[in-house]
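Please read the structure below before turning to the comments.
The values are calculated or read from the model by the stated rules, or taken from the named source; none is laboratory data. If you're wondering where the values come from, they're calculated on a predicted model, not measured in any experiment. For neighbour counting, all protein chains shown are included, and Cβ atoms are generated from backbone atoms with ideal geometry for every residue, glycine included. The area values use the complete protein model at the heavy-atom level, side chains included, leaving out ligands, DNA and RNA. Shrake-Rupley method; radii C 1.70, N 1.55, O 1.52, S 1.80 Å.
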Amino acid sequence: MREFRVIFILLIQAFWVSNVCAGDLVLKLEHSYEYDTVFSRIFFDAVVDRDGDLIVAFGVPGCMIVAPKELKLVAPAGEGPGDLSGYFALNILDNQDLCIEGFVGKMHVFKKTDGLYKWDRTEYRELKKSFAPTDTLFFQKKWYVAVFSTFQDKKNGRFTVDYLQVFSDKGKFIKNMIQETYDEAWKIAQFYSFLVEYKKRIFFLSENKLFLRIITGEDPKVSQTVNLEHPKFYKRMPETFYHDPIKGRMITSQEFWKNMALWKTGYSRICNVLIDGHWLIVQVRTADANNKRFGLLFYDADTFELKHTIMTDDLLLANKNGKLYFFRGGNPTWEEVDETIFDIYKIVEKK
């Protein structure tokens with residue numbers, strides 16, 4: 001009888017290792033890839049190509065192809081032809097070209113041959129007072145770039161911020177979008193924003209609130225806004241966050257990273273936004289030491305109802321065809337991650 005109980009417990013444990021459940025939705029672990037290479041510094045973006053290879057961009061070791069047997073560098077950082085000036089946002093266009101958003105309006109385009117990406121060309125954009133982008137999306141022959149443009153009114157001192165810039169497919173500036181005005185300057189340039197496409201619409205979210213803006217039209221406009229349901233664990237951003245605590249002097253590098261660690265982990269910031277099938281998937285921090293690091297929120301992309309919440313300690317990177325790709329242990333920028341393991345889960349909906 002005792003042996004039976006031991007076997008039963010082991011079976012239950014095995015089930016929970018390979019499946020994460022939320023009602024009638026299950027994430028089933030399909031593959032895990034482990035490497036000796038250390039991933040660190042800023043996590044920028046990730047995509048999955050037509051072969052199912054994950055391309056992920058971290059400050060260290062760079063922009064990498066996560067293939068089943070080995071890691072491969074897409075291209076080194078540098079100034080030469082084929083080198084990367086940055087890797088702030090990634091896209092796969094027409095299921096083939098890898099587009100890597102570089103620095104100062106550069107976009108590096110690669111084509112895949114024999115498992116490796118080879119540089120094809122570099123395209124340029126007419127940037128308007130911008131910072132490094134946090135997301136990009138090609139939609140209806142236009143590039144939507146989540147990059148900030150700021151303007152200060154000298155009379156009243158208020159700051160106007162545009163969260164989004166729109167460009168033609170040739171890189172010509174078209175317009176700024178999603179404008180907000182603030183009473184004083186703050187570190188809004190450190191914000192991440194997210195763009196996904198669903199049924200000929202663009203969904204836009206910024207990291208600080210579950211406030212969805214829906215963009216439509218040939219002359220793009222915000223046609224609808226939705227206050228997404230908050231999970232119970234949600235912790236709103238304090239008003240003191242992203243405001244420089246030491247005004248009037250330059251802060252040190254150590255002080256900067258200390259502030260950033262607090263701002264990026266101290267509230268329920270949005271860490272990633274994806275579309276898979278009819279799911280709008282939003283990963284949000286819990287900012288609660290007694291809970292898992294993240295909540296994975298599954299909204300119905302048509303009705304915007306919150307249908308499922310899955311708690312996890314792993315960072316959601318990307319998705320493709322019903323599969324979610326994670327970095328085990330969280331974001332190594334802010335968490336102490338001892339191993340480099342990428343996990344691939346399949347979304348299973350129980351009927």
Pull up region 257-273, narrow it to residues that are in a strand (DSSP E or B) and among the aliphatic types (A, V, I, L, M), then point me to the one that is surrounded by the most Cβ atoms within 10 Å (Cβ to Cβ).
Val273
Filter result for Asp114 (open to solvent by 30 Å² or more (accessible area, probe 1.4 Å) and farther than 17 Å from Cys99 by Cα):
yes
Give just the number: which of (1) outside any strand (DSSP E or B); (2) at pLDDT 95 or above; (3) open to solvent by 20 Å² or more (accessible area, probe 1.4 Å) does Phe138 not satisfy?
(1)
Can you pull out every residue in region 277-325 that is assigned to a strand (DSSP E or B), open to solvent by 20 Å² or more (accessible area, probe 1.4 Å) and not β-branched (Val, Ile, Thr)?
Asp300, Leu306, Lys307, His308, Met311, Asn319, Lys320, Lys323
Filter region 172-200 down to residues that are outside any strand (DSSP E or B) and at pLDDT 95 or above and give me whichever is surrounded by the most Cβ atoms within 10 Å (Cβ to Cβ).
Tyr192
Working carefully through the options Thr240, Thr225, find the one that is surrounded by fewer than 13 Cβ atoms within 10 Å (Cβ to Cβ) and either touching a Cys at 6+ places or on another chain (Cβ under 8 Å) or without any contact (Cβ under 8 Å) to a residue 12 or more places away in the chain (or both).
Thr240
Here's a check for you: in region 201-222, which residue that is in contact (Cβ under 8 Å) with a residue 24 or more places away in the chain and assigned to a loop (DSSP other than H, G, I, E, B) is most open to solvent (accessible area, probe 1.4 Å)?
Glu218
Does at least one position in region 81-90 carry a residue that is closer than 26 Å to Val273 by Cα and open to solvent by 50 Å² or more (accessible area, probe 1.4 Å)?
no
Qualifying position, being under 26 Å from Gly329 (Cα atoms), hydrophobic (A, V, I, L, M, F, W, C) and surrounded by 18 or more Cβ atoms within 10 Å (Cβ to Cβ), among Val74, Val38
Val74
Does Phe88 satisfy the condition of being in contact (Cβ under 8 Å) with a residue 60 or more places away in the chain and under 23 Å from Ser130 (Cβ atoms)?
no
Would you please name the residue that is modelled with the lowest pLDDT, looking only at residues in region 141-168 that are out of contact with any Ser or Thr (no Cβ under 9 Å at 6 or more places or on another chain) and open to solvent by less than 30 Å² (accessible area, probe 1.4 Å)?
Gly157
Pairs please, first residue from region 245-261 and over 16 Å from Trp186 (Cβ atoms), second anywhere and surrounded by 10 or more Cβ atoms within 10 Å (Cβ to Cβ) and at pLDDT 90 or above, Cβ atoms under 6 Å, 6+ apart in sequence or on different chains.
Ala261/Trp334
Within the set of pairs 6+ apart or on separate chains, which have a first residue in region 22-43 that is within 28 Å of Glu349 (Cβ to Cβ) and at pLDDT 95 or above, a second that is open to solvent by less than 30 Å² (accessible area, probe 1.4 Å) and among the charged types (D, E, K, R), and C-beta atoms under 7 Å apart?
Leu29/Asp343; Ser32/Asp343
